[in-house]
Amino acid sequence: MYVNLKVHDLSFTYQSLPVLSGVNFEVKKGDVLGIIGPNGSGKSTLLKNINALLKPLKGSVMLEGDNIFKMSRQKIAQSMAVVPQDTSIGFNFSVYEAVMMGRVPHLGRFQKEGEDDRTVVKESMEVTNCWSFKDRSVMELSGGERQRVILARALAQEPEIILLDEPTAFLDISYQTEIFDLIKELNIGKNLTVIAVLHDLNLAAQYCDHLILLNKGEIYKIGTPDEVITVDNIQEVYGTKVIISKHPVSKTPYVSLLPRIQDKFVKAISRKIHIIGGGGSASSLMEELFFQGMQLTAGVLNVGDKDWETAKNLGIGCTEELPFSFLSGEKHGENLEMIKNSDSVILTNTPFGRGNLKNLEAALFAVEKNFPVYIYEGFDVRLRDYTGGEAADIFQKLKDKGAREIANKSELLAIIKDKND
Ligand code: ADP
Ligand code: MG
């Protein structure tokens, strides 16, 4: 895979308003890159700089090794096509004529289109499903039809790269997936490089290989959807609370907004609960308690652990240790601090080995300091004790000192809500 496009240290200013600064990234051939960010963060401006419609204050855009600001419009259009945000076509062309305009960059001056051009146009119209209405006027099309015609025109350019600015912003959801499925097909089938500005984070996560998250004209984060669409990044850049789950089919991150009402709800019935879990034993409980409006912390969890992932996706603060590592004294200390700040502690049904034995000690610490400690779904500890009996001993102490065993979720919730009323 070679580099198709390289943006180096790009800055741009409208009159005196700085809009982009120090933007650096590269796009490899065949990549689908999404540009996301709040309104006014500079997404459209960046796209116009890439296409040399706007000239940067500083920096460069290299298209396959050539500086785009030194290329003619025609040369640029031979390898780069644009689907702008405003998709009015303006003149009363037929659909066929509008798509044929895509061939202009490949024609010489005064040269009329030939058989080859007609073939390309027909193919472009067939893949975008607009051949059937080729003789209609572009003025009479619905939003979805017009968008497909613009896309057909862009394809008729036979570009290496296609730039799209919110191509489905005004379309209803069935057209959104239609257009994006089509773009993805072209990407896979023709190895077309795609750079798309998207305001819908879930579409972006689903269709893009990489994402750039713009914040006030700077790249806040660049990477795969999993790396970019995180609770912390979205909260920081958009200033809104979200939770992240996984799309049931594509397994890409799925952003859900939290209604503001949640805040009021939280204040009314919220309890501070610290969860000691691991290995996925606490995940469904964390989700449930979260939706019940509880303020949760968790620890110590190893990075990459299922419970760690759930905590991250819900935006729950947690003490974390390196993947597959023994819990260090330092992290144990942080865990105890979280316990001290909580109203109660829940210990879930996780196996104990030498690596995480400190988590059991943390539960013991809680019970000794008179925090309510609940052992949730705690099936026979001897079956999950890989310490040669040490874990079972601590467990017994926990129970002797008043930790309560609770077998089901509704009972646990009732007790927690009842407490501190
Ligand atoms: P986005 O596409 O992320 O919503 P834009 O690139 O359109 O953001 O705009 C970035 C900033 O530049 C905004 O503050 C916007 O008001 C400003 N801006 C956009 N176009 C112009 C223009 N033609 N002249 C002056 N300022 C502009
Ligand atoms: Mg825009």
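The values are calculated or read from the model by the stated rules, or taken from the named source; none is laboratory data. Model, not experiment: these values are computed from the prediction. All Cβ positions, even for glycine, are placed from backbone atoms using ideal geometry, and neighbour counts span all protein chains on display. In case anyone asks, the SASA skips ligands and DNA or RNA and just uses the protein heavy atoms, side chains included. Shrake-Rupley method; radii C 1.70, N 1.55, O 1.52, S 1.80 Å.
Descriptive notes on the structure:
- Set side by side, the residues GLU377, GLU390 differ, and just one is of a type in the set (D, E, K, R), closer than 21 Å to SER283 by Cβ and open to solvent by 70 Å² or more (accessible area, probe 1.4 Å), which is GLU377.
- Applying the criterion of being within 16 Å of ligand 2 (Cβ to nearest atom) and aliphatic (A, V, I, L, M) to the residues of the range 40-91, the residue that is most open to solvent (accessible area, probe 1.4 Å) is LEU53.
- Residues that are modelled with pLDDT of 95 or more and closer than 17 Å to PHE69 by Cβ number at least 3 in the following strands (runs of 3 or more DSSP E) confined to the range 1-57: 3-14, 17-28.
- Checked against (1) under 20 Å from GLY30 (Cα atoms); (2) away from ligand 1 (no atom under 16 Å from the Cβ), ARG148 passes all but condition (1).
- Qualifying residue in the range 315-337 (condition: of a type in the set (Lys, Arg), closer than 23 Å to TYR386 by Cα, open to solvent by 50 Å² or more (accessible area, probe 1.4 Å) and under 31 Å from the mean Cα position of the chain (by Cα)): no
- Cross-chain or 6+ apart pairs with Cβ under 9 Å, the range 192-214 first and open to solvent by 30 Å² or more (accessible area, probe 1.4 Å), then within 14 Å of ligand 2 (Cβ to nearest atom) and among the hydroxyl-bearing types (Ser, Thr, Tyr): ASP200/THR168
One line per residue, one yes/no per condition, for (1) at pLDDT below 95; (2) in a loop (DSSP other than H, G, I, E, B); (3) within 28 Å of GLY42 (Cα to Cα):
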{"residue": "GLY102", "(1), (2), (3)": "yes, no, yes"}
{"residue": "ASP116", "(1), (2), (3)": "yes, no, no"}
{"residue": "THR119", "(1), (2), (3)": "no, no, no"}
{"residue": "MET139", "(1), (2), (3)": "yes, no, no"}
{"residue": "GLN147", "(1), (2), (3)": "yes, no, yes"}
{"residue": "ARG153", "(1), (2), (3)": "yes, no, yes"}
{"residue": "GLU158", "(1), (2), (3)": "yes, yes, yes"}
{"residue": "THR168", "(1), (2), (3)": "yes, yes, yes"}
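- Subset tally (residues that are within 13 Å of the chain's Cα centre (by Cα), within 16 Å of ligand 2 (Cβ to nearest atom) and not in a strand (DSSP E or B)) for the range 185-223: 6
- Verdict on LYS29 being farther than 20 Å from LEU213 by Cα and either surrounded by 14 or more Cβ atoms within 10 Å (Cβ to Cβ) or within 16 Å of ligand 2 (Cβ to nearest atom) (or both): yes
- Restricting the first member to the range 44-69 and to residues that are of a type in the set (Gly, Ala, Ser) and within 13 Å of ligand 1 (Cβ to nearest atom), and the second to residues that are modelled with pLDDT under 95 and open to solvent by less than 40 Å² (accessible area, probe 1.4 Å), the beta-carbon pairs closer than 7 Å and six or more apart or on different chains are SER44/ASP165.
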